[in-house]
């Protein structure tokens with residue numbers, strides 16, 4: 001079965017709810033998600049976002065270090081106190 005649809009929402013009291021639908025050759029199955037189920041899905045998504053952000057930051061940092069390697073920083077400050 002393949003994921004067809006995932007829906008999460010909050011109501012005016014900020015209570016989260018949702019549903020998920022899977023489809024396959026023999027039909028579809030839809031399930032209502034409890035607030036705990038929804039929270040678990042959001043935690044997984046948040047963890048993945050943090051991981052991706054850390055990887056992107058590491059890649060950018062490596063690129064900056066690579067670009068700056070072998071170059072000497074020049075003091076262009078007005079008072080000559082560049083450190």
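Remark: spin-label model distance residue 69-residue 36 equals 5.1 nm, labels positioned 7 Å along the Cα→Cβ axis.
Scoring 20-33, 45-58 by mean Cβ neighbours within 10 Å over their residues and listing the highest first yields 20-33, 45-58.
Share of pairwise Cα-Cα distances greater than 16 Å in segment 2-68 is 64 percent (whole percent). Note on residue 23 and residue 3: their simple-model spin labels are 1.6 nm apart, each label 7 Å out from Cα toward Cβ.
Report the FRET efficiency, 1/(1 + (r/R0)^6), for residue 59 and residue 11, where r is their Cβ-Cβ distance and R0 is 41 Å, rounded to 0.05. For residue 59 and residue 11, the calculated efficiency is 0.55.
Each reported figure results from applying straightforward, stated rules to the coordinates on display, with no laboratory input. On a predicted model such as this, the values are computed, not experimentally measured, just so you know. All Cβ positions, glycine included, derive from the backbone under ideal geometry; neighbour counts span all protein chains shown.
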